[in-house]
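Okay, so here's the structure we're looking at.
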Amino acid sequence: MQEIISTLNGLIWSQALIYLCLGAGLFFSIITRFMQIRHFGEMLRLLFKPNNSPEGISSFQALAVALSGRVGMGNIAGVAAAIGFGGPGAVFWMWVVAFLGASTAYVESTLAQLYKENDNGQYRGGPAYYFEKFFKGSAGKIYGAIFAIAAVIACGLFLPGVQANGVANAVVMIVGSGDMVQTSFGEVGMNKLIALLFILIVLGLIIFGGIKRIANVTEIIVPFMAFGYILMALLIIFMNMDKLPAIISMIIGNAFTAQAGFGAAIGWGVKRGIYSNEAGQGTGPHPAAAAEVEHPAQQGLVQAFSVYVDTLFVCSATAFMILITGQYNIQGTLEKGNFLVQNVAAATEINGPAFTQMAVSSVFGSFGNVFTGISIFFFAFTTILAYYYIAETNMAYLTRKMKDNTWFIVLVKVLLMSAVAYGAVNSAGYIWDIGDVGVGLMAWLNIVGIIIIFLKSKPTISALKDYEEQKKAGVTAYTFDPKKCGVEGATFWEERWNKQQNKQD
């Protein structure tokens, strides 16, 4: 199985996907006239617009749910792996993919708003929905179904294992492994098993409450933990301020003449950058569609900002803590154990949170161990919640024509909780490979799809221009007429526009 996963990983994450992600981000940045810069202030303003809709969640809650998916193991263990395999220059390419990816996040999230549906009292949408509605006919249904199946498999089975592995190991970091117990997966520490039981109970209580409960949980945990994590990084940077200029110079310099080779730096930077911020992957559009907004472009702008929070803030916090304390190794291009740079023990796991843990501990002692463990626990746990919502939404899409699809939704819950249990007790390296396959598969389908949508029509650009015109006119309440903007198939917004016109008449 490991050989199969490794082979799939190599095929999916070829150079073609890496440059497709960068190219799509650059393309959409140019087409939107770098909206990620022009509308930065508007992104912040939109975050705190209230929502009284029973069907949708607020923009801030949608941001929190999206961030719960973006901010996870990729921000702690993923950044460490990028540095360990690609050198400090990989951090630069994570920044690049975040800056460019913000425009991709705008496009995919605006599409999700444009083509969302009201499904029995709650908004649903995402790539499967916008592919079907935009392409129409059998082609749209087939492509939408392919993405939905990939999303259920990736977010319901593949990706939760990475986060669960991090959550379980975080508990071990704090309290130790405990007595070893023989299981079907080998010897597992008793404390890890107890932690797994606790995780499954809490996870079940939350996911059976639907998107509203998930949003209520994430809007409290995610901002609090992200702020605390960034604050810790700032303290470490402040205590080592004299090293900061050299670290920044090393990141930028190694991006083009990386110690591990230019290909490794850009490859690992983009790979872990996409894994972390998820721009273009097709996961962010799901919570974006659930938001109640006046205009579809608004949620696109909010989700573009979420990419900044994830990579430019949280991932950068991890990178600076690791590099400024020197707690890392850089793996060579030959056999395992051949290091180009070795600052810590050779046995230190690169593809995990060890570098981050050692960085914080080198400054704050044993407290660093506890802090890193707590951060991983909450970041990874909320990411599992986001994955569940994505898997549920796509299962709902696949079964929405049925009179009663309750049992299929329950099946998603069972599959995800099984994946969490499996991931928690397996080796981190293998689980990361499985997660990479899921990320890459969704990214291929989504990015190719949104590029074709743009080439056939420009719904997201039309929406952005319409929003900018209303903003320039100083309207107090935004509206959206899809037909005026040349957007076809946006049935939700057509119905809303007609209701607004009928009220005026």
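Okay, here's what the table says:
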quantity	calculated
Test for ILE214: is it in contact with a Lys or Arg (Cβ under 7 Å, 6 or more places away or on another chain), under 17 Å from ALA386 (Cβ atoms) and surrounded by 12 or more Cβ atoms within 10 Å (Cβ to Cβ)	no
Search result, residues across segment 173-186 that are free of Cβ contacts under 8 Å to residues at least 40 places away in the same chain and either assigned to a helix (DSSP H, G or I) or in contact with a Pro (Cβ under 8 Å, 6 or more places away or on another chain) (or both)	VAL175
Residue in segment 191-199 that is assigned by TED's automatic domain parsing to the domain that holds ALA288 and either under 25 Å from PRO88 (Cβ atoms) or within 19 Å of the chain's Cα centre (by Cα) (or both) present	no
Test: THR393 is over 30 Å from ILE230 (Cα atoms) and buried (at least 24 other Cβ atoms within 10 Å of the Cβ)	yes
Lone unmet requirement of (1) farther than 23 Å from PHE227 by Cα; (2) assigned to a helix (DSSP H, G or I); (3) modelled with pLDDT of 85 or more for PHE92	(1)
Selection status of ALA82, in contact (Cβ under 8 Å) with a residue 12 or more places away in the chain and either part of a helix (DSSP H, G or I) or crowded, with 24+ Cβ neighbours inside 10 Å (or both)	yes
Segment 162-205: number of residues that are crowded, with 24+ Cβ neighbours inside 10 Å and of a type in the set (Asp, Glu)	0
Lone qualifier among VAL437, VAL448 - being over 25 Å from ALA290 (Cβ atoms) and in a helix (DSSP H, G or I)	VAL437
Pick from segment 349-371, criterion crowded, with 21+ Cβ neighbours inside 10 Å and under 20 Å from the mean Cα position of the chain (by Cα), ranking: farthest from VAL202 (Cα to Cα)	THR356
Count - residues of segment 107-161 that are surrounded by fewer than 24 Cβ atoms within 10 Å (Cβ to Cβ) and in a helix (DSSP H, G or I)	16
Flag for ILE230 being in contact with a helix residue (DSSP H, G or I) (Cβ under 6 Å, 6 or more places away or on another chain) and surrounded by 20 or more Cβ atoms within 10 Å (Cβ to Cβ)	no
Residues of segment 119-168 satisfying the condition of being out of contact with any helix residue (DSSP H, G or I) (no Cβ under 7 Å at 6 or more places or on another chain), free of Cβ contacts under 8 Å to residues at least 24 places away in the same chain and of a type outside the set (S, T, N, Q)	GLY137, ALA139, ILE142
Leading residue by the ranking (nearest to LEU416 (Cα to Cα)) among those in segment 190-214 that are small (Gly, Ala, Ser) and at pLDDT 75 or above	GLY204
So GLY204, is it without any contact (Cβ under 8 Å) to a residue 24 or more places away in the chain and touching a Lys or Arg at 6+ places or on another chain (Cβ under 9 Å)	no
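The values are calculated or read from the model by the stated rules, or taken from the named source; none is laboratory data. A quick note: this is a predicted structure, and the numbers were derived from the prediction, not measured. Please note: Cβ atoms are built from the backbone with ideal geometry, for glycine as well, and neighbour counts cover all protein chains shown.
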